[in-house]
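Engineer: The structure under discussion is supplied below as structure tokens; questions concerning it will follow.
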Amino acid sequence: MNGTKLILTRGQATGLNRPLALTPGQDLKGYVASLLGRAVLFLITCTSVLAVLLIFFFVCREALPFLSKISLSEFLINTEWYPEADNARFGALALIAGSVYVTIAALVFSVPVGILSAVFLSDIVSFRIRAFVKPVIELLAAIPSVAYGFFAVLVLAPWMQNKFGFSTGTNALNASLILAVMALPTIVSVAEDSISALGPELREASYSLGATRFETIFRVVIPAAHSGIIAAIILGMMRAVGETMVVWMASGNAAQIPRPWWDISQSVRTITATIAGEMGETPKETPHYWALFALGVLLLILTFSLNVVSEFFLSRAKRALGKQ
């Protein structure tokens, strides 16, 4: 009995219980099933692409009436955003500047911390600690943005106002700090994967030439993984650019360009916050309604461009790793 079981087990392991050749019916059945599977997967892929194209088409169609009545130069250069005034102004420059302010400031805070954290996880701590710390960092992405917004308004804003004497705690700096925390999981995860994917051979070659761990990390490993790190930074930037709730609650919502320009303690207003705050109360088929869709087109163009750039650097990183 034991011998019989052993023979059956070996036969199953080597595939001897499978037929030597398929009958015409089995061959046709497998071909039809494969064809249907490919058709279903192709349909799902086309549906996703079609949904994205329809979103682009819908937003651009709703923005066309505004662009036909207001000149593009006035829309992009004028800083006054008074869509409900008797003499309405639709200048988006202050809104664009607000988005740029909070995004750049968020990257200033998050990029050094994110890259150093990725290096710490990939090259310094043990695998056991890395397996514990990295999922905890990635859990930051699971926290709802409205929870971050409440923390920014109820905790961070009063602390900044009392500690630094700001006129208001809801300002560009407040929103930037929260956006930096929200961008960290993306930057750390993508950068750490890129650095870890280099493998031990590059590091061992550097050590064999007499380099220290510090020199190996900052002169060999990080430059070798620069494409993946740049992609991580761009993806983190996209996370900051597309955020709505935090900047709506924490930035102060003042449509202005800070003066002096480097003073991020002043309130600003972003494109996403403007769309979220005004779309629900704006009547349809009005210049204000069309102007919000024009802002949406600007946001789509910006995020689409960043996505293309990030894909370029990710593909470069994958090609570089494939050559090693």
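The values are calculated or read from the model by the stated rules, or taken from the named source; none is laboratory data. Note that the coordinates shown come from a computational prediction; the quantities given were computed from them, not determined experimentally. Glycine gets a Cβ as well: all are built from the backbone with ideal geometry, and neighbour counts include every protein chain shown.
One line per residue, one yes/no per condition, for (1) more than 25 Å from the chain's Cα centre (by Cα); (2) surrounded by fewer than 19 Cβ atoms within 10 Å (Cβ to Cβ); (3) farther than 30 Å from Gln161 by Cα:
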{"site": "Thr212", "(1), (2), (3)": "yes, yes, yes"}
{"site": "Leu235", "(1), (2), (3)": "no, no, yes"}
{"site": "Arg259", "(1), (2), (3)": "yes, yes, no"}
{"site": "Asp263", "(1), (2), (3)": "yes, yes, no"}
{"site": "Ala291", "(1), (2), (3)": "yes, no, yes"}
{"site": "Arg316", "(1), (2), (3)": "no, yes, yes"}
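Engineer: So, one more: What number goes with the only condition from (1) over 27 Å from Ala97 (Cα atoms); (2) surrounded by 20 or more Cβ atoms within 10 Å (Cβ to Cβ); (3) among the β-branched types (Val, Ile, Thr) that Thr186 does not pass?
Structural biologist: (1)
Engineer: If you don't mind, another one. Are there any pairs, at least 6 apart or on different chains, whose C-beta atoms fall under 9 Å, with the first in the stretch 294-315 and within 22 Å of Trp81 (Cα to Cα) and the second among the hydroxyl-bearing types (Ser, Thr, Tyr) and in a helix (DSSP H, G or I), and if so, which?
Structural biologist: Pairs that qualify, where the first residue is within 22 Å of Trp81 (Cα to Cα) and the partner is among the hydroxyl-bearing types (Ser, Thr, Tyr) and in a helix (DSSP H, G or I), are Leu295/Thr272; Leu295/Thr274; Leu299/Ser99; Leu299/Thr272; Leu302/Ser99.
Engineer: If a residue has to be of a type in the set (A, V, I, L, M, F, W, C), part of a loop (DSSP other than H, G, I, E, B) and in contact with a helix residue (DSSP H, G or I) (Cβ under 8 Å, 6 or more places away or on another chain) to count, how many in the stretch 243-294 make the cut? Spell out the reasoning first.
Structural biologist: Quick first cut of the stretch 243-294, residues of a type in the set (A, V, I, L, M, F, W, C) only: 245-250, 254-255, 257, 261-262, 264, 268, 271, 273, 275-276, 279, 290-294.
Now narrow it down to the ones that are part of a loop (DSSP other than H, G, I, E, B): 254-255, 257, 261-262, 264.
Checking the rest, the ones that are also in contact with a helix residue (DSSP H, G or I) (Cβ under 8 Å, 6 or more places away or on another chain) come to 255, 257, 264.
Residues in the stretch 243-294 being of a type in the set (A, V, I, L, M, F, W, C), part of a loop (DSSP other than H, G, I, E, B) and in contact with a helix residue (DSSP H, G or I) (Cβ under 8 Å, 6 or more places away or on another chain): 3 in total.
Engineer: Here's something else I'd like to know. So which residues in the stretch 67-91 are farther than 21 Å from Arg269 by Cα and surrounded by 13 or more Cβ atoms within 10 Å (Cβ to Cβ)?
Structural biologist: Those that are farther than 21 Å from Arg269 by Cα and surrounded by 13 or more Cβ atoms within 10 Å (Cβ to Cβ): Leu67, Ile70.
Engineer: Would you mind stating whether Lys5 is surrounded by 10 or more Cβ atoms within 10 Å (Cβ to Cβ), basic (Lys, Arg) and at pLDDT below 85? Steps first, answer last, please.
Structural biologist: Values: surrounded by 10 or more Cβ atoms within 10 Å (Cβ to Cβ): no; basic (Lys, Arg): yes; at pLDDT below 85: yes.
No.
Engineer: On to the next question. Is it the case that some residue within the stretch 221-242 is assigned to a helix (DSSP H, G or I), modelled with pLDDT of 90 or more and over 20 Å from Phe312 (Cβ atoms)?
Structural biologist: Yes - at least one qualifying residue is present in the stretch 221-242.
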